[in-house]
């Protein structure tokens, strides 16, 4: 029985291209230093979404914090996602 190599080669080329692109991106991205002021500001954000409007600017923040468990007493993982945003409008 002959093995159909053409479909397998197409899939291998696709996955190879994705792997090479991922490797290239990983090589070009630089590690950023951890800014403790930003970390503390994100820790101070309350859970939920909030928006504030000032003259010429809109400030927003949001936090999503949940614990997900596999089963009733199974292992869990905590998800903590925080976002800070500022949009400023200026007439030039």
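To the nearest ten degrees, helix 5-28 and the longest principal axis of the Cα atoms of the chain are 40 degrees apart.
Here the mean projected area of the convex hull built on the C-alpha positions of segment 5-88 is 11.2 nm².
For n ≥ 4 DSSP H runs only, could you compute -39500 (n - 2.57) per run for the chain, divide by its residues and tell me the 222 nm figure to the nearest 500? So the helix-based figure for the chain works out to -11500 deg cm²/dmol. Approximating the spin labels as points 7 Å out from Cα along Cα→Cβ, the residue 35-to-residue 70 distance works out to 3.7 nm.
Throughout, read-outs are computed from the coordinates displayed, never taken from laboratory work. Given the structure is predicted, the values throughout are model-derived calculations rather than measurements. Note that we place each Cβ from the backbone using ideal geometry, even for glycine, and neighbour counts take in every protein chain shown.
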